[in-house]
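Notes follow the structure.
The values are calculated or read from the model by the stated rules, or taken from the named source; none is laboratory data. Please read all numbers here as calculations on a predicted model, not as lab measurements. We place every Cβ from the backbone using ideal geometry, glycine too, and count neighbours over all the protein chains shown.
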Amino acid sequence: MFKTLRFGWCVPILALAVAAARAGEDLRRDLLFYMSFDGTTDLFMSAKGLMLPAAFSRNSRALTPDFEVCERHQPRFAGGKIGQGIFLESGDYGNYMRGTMNHLPPGSALSDGFPRGFATGGAARAAKAGAGRVGQRALRVACAGDGYVETRMADLPHAMRYIGSVYARGETGGEKIWVSLHDLTNGVVCETEAELGTGWRRIHVALPYNEGKGSYGGKELKKPIGAVLRVSAEAASVFHLDGFMIEQAGIHYSDRTVPSTWIEGGGKRATESLLVRATPDTLNPEAGTFAFWAKCEPGGLRRTLLAVGLGWDTPIHLAVEGASLNYSYCGKGGRANAVLTNDWMFLAVTWKGKQSVLFVDGRPAVEVTAGKGLADIDVFNRSTFIMPGNADAGGTRTHAEGVIDEFHAFGRSLEPDEIARLAAMQGPLLEPSPVMAKADLPVKTFARDLGTAPLRFAFVNRAARTIAPVTAAVSLDGVDLPAWTYAFPLAAGETGEITVPLPVEKLAPGGYRLRIDTSFPGGGMKSQMDVRVAEARNPERLPVLAWLPGGTPERLRLLSELGVTVTRDTSPGAVDWATEAGLHTHPLIVLRGSARRGVAEDAILGHDGVPHGANPLSGHVLAEVRREAAEYAENIRRLDTVRYAILNSEWLLPLDFGEKSRRLARRKFGLDLAKWIAADPGEVWKSVHPFNRLNPTLLGADWFPADGVVRSSRDPFYRFHLWWHTQGPNEQVINRILAEEIKRVRPDITTIVEPVLRRPPVRVYPENIDVAQEWFYYENPLAAVQVQERLAAVSRGSQMKPSGMPQFLFKPGGAAPFAATPPPDMLRQVVWLCASRPLAMMSFWGWHRVLDKGKCFTIGEIKDRLGGLEGDAAWKAAKEWGEGGGLFIPEVRETFADLSERLWKPFGPLLMKWRNLPRHVAVLDSLANHIYNNNRWPQHGWLMDALTSSGVPYDVLFDQDFLTEEPLLDRYSVLVLPRTHAMTDCAHNHVTAFLRRGGRVVADAECKVGRLPGLELLGEEGKGEFIDMLRDLPPLPVRVKTDHIIWNVLGHAGAKYLVVVNDLREPGEYLGRWGRVREKGIAQTVELAVNDSFPAHALDMNARTELAMREDGGWRHLTLALGPAEGKIVLFAADVPKRVDVSLPRRDVRRGETVDVDIAVSGNGPVPGAIPCDVTITRPSGARCDSSGVHLLEGGRRTFSFVVPLNAENGVWKVAVTEGATGTAGQATVTVR
């Protein structure tokens, strides 16, 4: 593949053809990379003969010091020491008090906004005249005497330092003006005097508030603040103005006291980040040198000129405080014997072991001896970056506030005379070449399951003429693959791209060197780069997602060994590590839109009268969301290892009470939302209940619907809630856009919304969302059943499937006064309960409580700390440990690994395929009930808990399920109404018809729904009878005679599966003393019977054996032994596997060819149903091939294929298959030549 791109600017790319100067030759030999910043942030890797991209980002537009507009993520290049350099400056990153924006209205930021954006007073007259400094026109101010011109008012939300600035020039020179910043709210004025020349200059004044104090001059400051920027003169004079700005400048990070580059009125300038990933190709931890030129803008503020960062740590940091240069190396710092100037300075840092030196203008300025060296820090196994001119990935988030140029990284510590020679050079160390190759690869590790990895390379012509032909031959060392050859012309200033289809499926796992030989008339070059091929990942394996943890390669390998398949990260280095560990990755995407300052329709107005985030009713907000979503999708398009995406976790937009929404509610539903706007800000909770439910009592005296029946087509209150939660301007609008853009470029990415149950019971997300997820705590593990059944209800009728997400945390006050890692048996049981229902994946949060003890205590340490304390005294003492401490149980790690080996790996493909068979019990969870029960935190109560503890499976039904003419409830025997105050008329019609046809409807004493003849009302004292009734329902296909058993029947591919889970537990040593949980599982023998709808053979898939069954009165009785908190899967099939045949159509293949495998499992014929089969492919050496894994066999047959790598072992390869129902095995061999 080849394509060309043309750019409007010319960038000199530097090659190995260099000037002949002897000094330069010595330095070039040890150069790791060089950044010229001549219109590009690319790195030239001299040893590789290759260009690589650095990572630059700025999530906003920005202007250069010369007022050239640079769009989002476009670097700001400015005049450099040699050619161009890069201008780097601090900005907004989401924290207002440490951000940067121009608070002036757009009409007051430029003179072009006159007259509406300004006001004049006294003897001043103003008009637009002449060219502006920033805008098209300047504001010419003529003062006959004392007069002024000022901006419109800016709204400043906090009491903190603000800086006002304006560009000004005199008409003749010598004019005296005063620039003042007026806090109209607090009556504070700060001003500065300036004498003008005829050239433009910037004048600024600071409002010197300190946000840490909240007062000024002994007076407490009111906020928000209204402020204007004023320019005045006392004598007759004429002057010109443009580029007005009021910006915030917090005391943290840069601690700015001078203005930053100008920003459009109401706009923000985002923080800038320039990152070079630290690898053995870019950094030598043993010894090295960074050298560069810097020129800083005037003014006092904190700066970073260079940093090497590992998260919050910066083992190399060259910073500026005021005018002082401060340098630290591996935790040891010193102040330079030179000061910062506003002219070009040549800066270099060298290190060797624990010694490091800072050079300023070729002379030593600081010598540091640290307690450890850079080589003692594990820089390559953490996300480490080299950051020229910024520390945005480190803890300081400060920038050069100026220009960086000619950045060099050397693989050794240069001598002082070499530093001096480099500083004295008048030109670049390396000279340009007409054509250069650039690797455009976000990652360098590719798993074999990818098949073919598309490797993109660019070839750049910087000459002033066409070069043709350019020929590029790409080859792979040590592998019998023909070279890929491309020939193409390159016009002047043109960049051509090629895509090399690297067949990673044909390569054994390991490292490879890719070579690119480029030739063109009059020259050529040789380039190389290293890539890695990782083992294949089985696409049929159940995804097990570690929510949040990424980390080091060691940590990722540990997670993989424990059974995790997905971790969080999208940074290229971490993605490479994850791929190497056999993992996929996911981002946690936070993209929620933003409101324009001062534009009311862009923001949600809460019932408390305060703006709350961006409003999906705004066309501007939605357009911005779509643009940002499309950009995000493009950023992950080529990260194949990213296969999952969590969208805006834990986000629920509040109801909007702005004028537009109030008009819409009146017009669409006849509902006046003004009733719910809180009159008293201290009592806003009285107006709106959690999960965006209006308080129904504010409807008036007759707020409750007659008989508890809501006329769903006419009730304004109900219709509004149904609309808002399913179609209205809430978070699902933005999540849908985000999912749509991701699916547009990466349909293979699984999109996840969580927590999806933090809303009333409604069904949303009809498309583009794949997984419905809800994390939960399980002091009672049966909470898993209730969560999973509600997830099934949310997913019904859509492409979504439920995930299981139990937490690794019990919160303080739940199972114990302190936080606790869930005990092993409780984790085991809750995972089995999730697996007993259909699953798309499993997810786990709270890994810090499993992998790292941190500040927690073991049970032995807790006993020692509490000593002899008991009862309330013990609770009070232990409560102090909070959520950050508490109980750590190291055995949970082994339990998790055991679940992986015994459940997810062997049965994962089946868990994702099977589906619930028809249930005989249903539960109504009604939106009408949730909005009319006037309960701030609705709970289902004892009746729902009794239903769950009965073990009988059930369906949860929503109001939307009753919008049908079909007799929905006829498939059920019992309908349960837990704590049901109200239901819709549609549901009521179905329920009354169900009762007339003999159906049973059971409710607790809280039921307020009338006109239900035959309704059975129960008090909690009838709990036992209710459970017995459920277990003995005649239509149930399964009867369990043992208590504390949870079961479910599922089906797939013509077979039935019975899952039973042991719920018998007692208090244990971890949490038993607190009397709140039963944590220790107890083994028990289960007696059950199935009716004749089940096939004749029962196979215990855990033990891989057939179970004996006894016939009695149309029922087949069987006995199961269940371990503590364990579950079992029983396959019922018409036949039993007795033979596994493994057929290979080709018994002799060459390396690089595909081996087709056909598996047949039979008894008296093909065995029906779906059976996981463990396929083990063994190489001649006896090592296991990475194409091995568990595959799901359906209807007795399965075919699959694998590719023998080109560099694989010759000899006899064995394919062994063991089916997962009875353990029957078979095998075949193939000879590889």
Lone qualifier among A835, A792 - being aliphatic (A, V, I, L, M), closer than 25 Å to T751 by Cβ and surrounded by fewer than 24 Cβ atoms within 10 Å (Cβ to Cβ): A792
Count of residues meeting criterion [touching a strand residue (DSSP E or B) at 6+ places or on another chain (Cβ under 8 Å), among the charged types (D, E, K, R) and within 21 Å of D378 (Cα to Cα)] in the range 531-564: 1
Residues within the range 632-680 that are in contact (Cβ under 8 Å) with a residue 12 or more places away in the chain and part of a loop (DSSP other than H, G, I, E, B), tallied: 21
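Has the range 403-423 got at least one residue that is part of a loop (DSSP other than H, G, I, E, B) and either outside the structural domain of Y327 (by TED's automatic domain parsing) or modelled with pLDDT under 95 (or both)?
No; the residues of the range 403-423 include none that is part of a loop (DSSP other than H, G, I, E, B) and either outside the structural domain of Y327 (by TED's automatic domain parsing) or modelled with pLDDT under 95 (or both).
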Selection from the range 594-645 of residues that are closer than 16 Å to S571 by Cα and among the aliphatic types (A, V, I, L, M): A633, I636, L639, V642, A645
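Could you tell me whether any residue of the range 178-193 is among the charged types (D, E, K, R), crowded, with 20+ Cβ neighbours inside 10 Å and either in a strand (DSSP E or B) or touching a Lys or Arg at 6+ places or on another chain (Cβ under 8 Å) (or both)?
Yes: one or more hits.
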Of residues in the range 737-763 being buried (at least 19 other Cβ atoms within 10 Å of the Cβ) and out of contact with any helix residue (DSSP H, G or I) (no Cβ under 9 Å at 6 or more places or on another chain), the one nearest to H940 (Cα to Cα): E754
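From the list E540, E561, E554, E535, which one is modelled with pLDDT under 95, on the phi < 0 side of the Ramachandran plot and surrounded by fewer than 21 Cβ atoms within 10 Å (Cβ to Cβ)?
On the way: E540 fails: modelled with pLDDT under 95; E561 fails: modelled with pLDDT under 95; E535 fails: modelled with pLDDT under 95.
Result of the check over E540, E561, E554, E535: E554.
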Restricting the range 98-151 to residues that are under 49 Å from the mean Cα position of the chain (by Cα) and polar (S, T, N, Q), the residue that is farthest from S594 (Cα to Cα): Q136
Test for E601: is it on the phi < 0 side of the Ramachandran plot, modelled with pLDDT under 95, among the acidic types (D, E) and over 21 Å from the mean Cα position of the chain (by Cα): yes
Strands (runs of 3 or more DSSP E) contained in the range 974-1079 and holding at least 1 residues among the hydrophobic types (A, V, I, L, M, F, W, C), touching a residue at least 24 places away in the same chain (Cβ under 8 Å) and more than 30 Å from M1101 (Cβ to Cβ): 974-977, 1000-1004, 1016-1018
Checklist (1) on the phi > 0 side of the Ramachandran plot; (2) at pLDDT 95 or above; (3) crowded, with 16+ Cβ neighbours inside 10 Å applied to G83, failing item: (2)
Checklist (1) farther than 21 Å from W651 by Cβ; (2) surrounded by 15 or more Cβ atoms within 10 Å (Cβ to Cβ) applied to Q732, failing item: (1)
Meets criteria (surrounded by 14 or more Cβ atoms within 10 Å (Cβ to Cβ), within 27 Å of E1219 (Cβ to Cβ) and either among the charged types (D, E, K, R) or in the same structural domain as V1212 (by TED's automatic domain parsing) (or both)) for L1144: yes
Inter-residue pairs, beta-carbon under 6 Å, first of a type in the set (V, I, T) and in the range 66-94, second outside any strand (DSSP E or B), 6+ apart: I82/P428; I86/F37; I86/P75
The lone exception for E175 - which of (1) surrounded by 17 or more Cβ atoms within 10 Å (Cβ to Cβ); (2) within 18 Å of I225 (Cβ to Cβ) it fails: (2)
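Take the range 650-691 and flag every residue that is under 22 Å from R758 (Cα atoms) and surrounded by fewer than 20 Cβ atoms within 10 Å (Cβ to Cβ).
If we filter the range 650-691 for residues that are under 22 Å from R758 (Cα atoms), which is where we start, we get 650-657, 676, 684-691.
Selection gives E650, W651, L652, P654, W676, V684, W685, K686, P690, F691.
Suppose we filter I203, I225 for residues that are over 22 Å from T304 (Cα atoms) and in contact (Cβ under 8 Å) with a residue 60 or more places away in the chain; which single one remains? Break it down into steps so the answer makes sense when it comes.
Details: I203 fails: in contact (Cβ under 8 Å) with a residue 60 or more places away in the chain.
None of the others qualify; the one that does is I225.
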The range 394-417 residues that are farther than 23 Å from N95 by Cβ, paired with ones that are aromatic (F, W, Y) and assigned to a loop (DSSP other than H, G, I, E, B) (beta carbon under 9 Å, 6 or more apart): V403/F37; V403/W344; I404/F37; D405/F37; D405/W344; E406/F37; F407/F37
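At least 3 residues that are crowded, with 24+ Cβ neighbours inside 10 Å in each: list the strands (runs of 3 or more DSSP E) lying fully within the range 255-313 that qualify.
Values: elements: 273-277, 287-296, 302-310.
Qualifying strands (runs of 3 or more DSSP E): 287-296, 302-310.
Of the residues that sit in the range 351-388 and are among the basic types (K, R) and not in a loop (DSSP other than H, G, I, E, B), which one is modelled with the lowest pLDDT?
Taking the range 351-388 and keeping what is among the basic types (K, R), we get 352, 354, 363, 372, 382.
Now restrict to residues that are not in a loop (DSSP other than H, G, I, E, B): 352, 363.
Values: K352: 98, R363: 95.
In this case the residue turns out to be R363.
Conditions tested, residue by residue: (1) of a type in the set (S, T, N, Q); (2) crowded, with 22+ Cβ neighbours inside 10 Å; (3) at pLDDT below 95.
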position	(1), (2), (3)
L947	no, yes, no
D959	no, yes, no
E965	no, no, yes
L975	no, yes, no
P978	no, yes, no
T984	yes, yes, no
H988	no, yes, no
R996	no, no, no
Looking only at the range 38-74, and only at residues there that are more than 19 Å from F292 (Cβ to Cβ), of a type in the set (D, E, K, R) and buried (at least 20 other Cβ atoms within 10 Å of the Cβ), the one that is farthest from the chain's Cα centre (by Cα): K48
Residue in the range 1002-1037 that is surrounded by the fewest Cβ atoms within 10 Å (Cβ to Cβ), counting only those that are among the hydrophobic types (A, V, I, L, M, F, W, C) and within 20 Å of A706 (Cα to Cα): A1005
Any pair with Cβ under 6 angstrom, 6 or more apart, that starts in the range 1088-1113 at a residue that is of a type in the set (S, T, Y) and ends at one that is not in a strand (DSSP E or B): S1093/P1037
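How many residues are assigned to a helix (DSSP H, G or I) and of a type in the set (G, A, S) if we restrict to the range 804-858?
The initial filter retains those residues of the range 804-858 that are assigned to a helix (DSSP H, G or I), namely 824-835, 848-851.
From the residues that got through so far, the ones that are of a type in the set (G, A, S) too are 835.
Summing the residues that are assigned to a helix (DSSP H, G or I) and of a type in the set (G, A, S) in the range 804-858 gives 1.
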Output for the range 552-575, where each listed residue is under 17 Å from the mean Cα position of the chain (by Cα) and either in contact (Cβ under 8 Å) with a residue 60 or more places away in the chain or in a strand (DSSP E or B) (or both): V566, T567, R568, T570, S571, P572, G573, A574, V575
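If the requirement is being more than 16 Å from G299 (Cβ to Cβ), among the acidic types (D, E) and under 38 Å from the mean Cα position of the chain (by Cα), which of these qualifies: E264, E247, E234?
Of the residues listed, the single one that is more than 16 Å from G299 (Cβ to Cβ), among the acidic types (D, E) and under 38 Å from the mean Cα position of the chain (by Cα) is E264.
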